Amino acid sequence: MALLTVVCEMAPYLLLGFLIAGILHVFVPQKFYADYLSKDNKWSVLWAALLGVPLPLCSCGVIPTAIGLRNEKASKGAVASFLIATPQTGIDSILATFSLLGLGFAIIRPAAALITGVCGGLLVNRFVREDDAGMDASASCHVETGNRVWRVLKYAYYEMIQSIGGRLVLGLLVAALIQVVIPDEFFLTFGKQPLLQMLVILIVAVPMYICSTGSIPVAAALMMKGLSPGAALVLLMAGPAVNLASVLVVRKSLGSRFTWIYLLTIIGFSILFGLLINATGLVVSPVASGDACCTAEPVWPTPFKLVCASILTLLIIFAFAMKLFDRFVQKEADPDSVVYTVEGMACSHCEAAVCRAVEEIPGVESAKASASGKKLTIKGTAAEEDIRAAVEKAGYAFKGRKE
């Protein structure tokens, strides 16, 4: 029942958020973002954060996107601002935050992401020289073609769900498990030590991967068990913004100094905003109305929410089934195609980044990447060393031909 109520609360907002994300993806060209991020000043940093906040990119998906922006001549400070602000929130997660945590969190979360991104970008502009941000040039994003309505729906309800569906399901399961397993008084044992709560959350959240949407039910469930609003905000900010894999890629692509500023800005500002929230009491408890999740008395969801939850469940099942199909079903071999093993891809954005990196190599007719299968299929006569160089330049691990 706990899992059902959480899914039903989030489903309508997730479906709407995915749709808005698809519209942004199709109707706002990448060049639009690059045009506003090329100046090495405070305005490019501000624009990067403003443009990144609504984008539904995870902490791994934002890396190749930021590399693409850098290749389009975005400033190093703008890249840092985009890297910090974008994965913390998005249109879908803002709506989902409102559904479970209320209006206060839905406002403060994107505001905190914006401020953190701007401050991090300004620090990078101040302390990181242009030569320290060692980003290599590669191909720009190719222009998608086809019916725009179909592309919106495909991106919103297929590609995005393939990208974050696993983490979203994991977040929902963890939230339901927390409600059932963790005693109500667990966090009350150190409730008078909110800073300790935040440090515990940071130790758990920073290394692991959790998307901005999947973190919401976890935060709501923990708050119902006594976690302070400030510590919950730390989870919502630091969890999606960074993980061990993204830190390693950022360090390789942008340098050690850039990485330290990027990491410490996220940690420092998440704690700062958490302490401010606890001190001012601006954010109240999770939504706990008669039909909301996490209530003491079980309440059967409304028919509308049940329908939305059913649609979301079917979309997730379909996306997962297609992933398994792509990974395990053997296709007829093309004599002109070669399959390589590429590690480090975690979502559709990573796949697109790898494809863009190799499509401009002479001899490459087409390229298709699969994050779930850890493979890159190349059709053409391009040399393996050229493909290796392009893949590694994009920040991924090339392991040679797949056996």
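The values are calculated or read from the model by the stated rules, or taken from the named source; none is laboratory data. Please read these numbers as outputs of a predicted model, since none were measured by experiment. Glycine gets a Cβ as well: all are built from the backbone with ideal geometry, and neighbour counts include every protein chain shown. Quick note on the areas: whole protein, heavy atoms, side chains included, nothing else; ligands and nucleic acids left out. Shrake-Rupley method; radii C 1.70, N 1.55, O 1.52, S 1.80 Å.
Please find, within segment 202-222, the residue that is farthest from L177 (Cα to Cα) out of those that are assigned to a helix (DSSP H, G or I) and open to solvent by 20 Å² or more (accessible area, probe 1.4 Å). My answer is I203. Hey, any hits in segment 33-42 for a residue that's modelled with pLDDT of 80 or more and either surrounded by fewer than 24 Cβ atoms within 10 Å (Cβ to Cβ) or not basic (K, R) (or both)? Looking for residues that are modelled with pLDDT of 80 or more and either surrounded by fewer than 24 Cβ atoms within 10 Å (Cβ to Cβ) or not basic (K, R) (or both), one finds at least one in segment 33-42, hence yes. May I ask you to list the residues in segment 103-128 that are part of a helix (DSSP H, G or I) and open to solvent by less than 10 Å² (accessible area, probe 1.4 Å)? Of everything in segment 103-128, those that are part of a helix (DSSP H, G or I) and open to solvent by less than 10 Å² (accessible area, probe 1.4 Å) turn out to be F105, R109, A112, A113, T116, G117, G120, G121, V124. Of E385, E365, E392, E360, all but one fail to be of a type in the set (D, E, K, R) and over 26 Å from V250 (Cα atoms); the exception is E365. Taking the numbered list (1) farther than 20 Å from S163 by Cβ; (2) modelled with pLDDT under 80; (3) among the small types (G, A, S) in turn, A371 passes all entries but (1). Tell me yes or no: at least one residue of segment 316-334 is touching a helix residue (DSSP H, G or I) at 6+ places or on another chain (Cβ under 7 Å), open to solvent by less than 30 Å² (accessible area, probe 1.4 Å) and at pLDDT 70 or above. Within segment 316-334, one or more residues are touching a helix residue (DSSP H, G or I) at 6+ places or on another chain (Cβ under 7 Å), open to solvent by less than 30 Å² (accessible area, probe 1.4 Å) and at pLDDT 70 or above. For segment 235-251, does any single residue satisfy the condition of being in a loop (DSSP other than H, G, I, E, B), modelled with pLDDT under 75 and surrounded by 14 or more Cβ atoms within 10 Å (Cβ to Cβ)? Checking segment 235-251: at least one residue is in a loop (DSSP other than H, G, I, E, B), modelled with pLDDT under 75 and surrounded by 14 or more Cβ atoms within 10 Å (Cβ to Cβ).
A search for C-beta distances below 6 Å between a residue of segment 378-403 that is under 20 Å from A352 (Cβ atoms) and any residue that is of a type in the set (S, T, N, Q) and open to solvent by less than 20 Å² (accessible area, probe 1.4 Å), counting only pairs 6+ apart in sequence or on different chains, returns G395/S253. Tallying residues that are assigned to a loop (DSSP other than H, G, I, E, B), modelled with pLDDT under 85 and open to solvent by 20 Å² or more (accessible area, probe 1.4 Å) within segment 383-397 yields 0.
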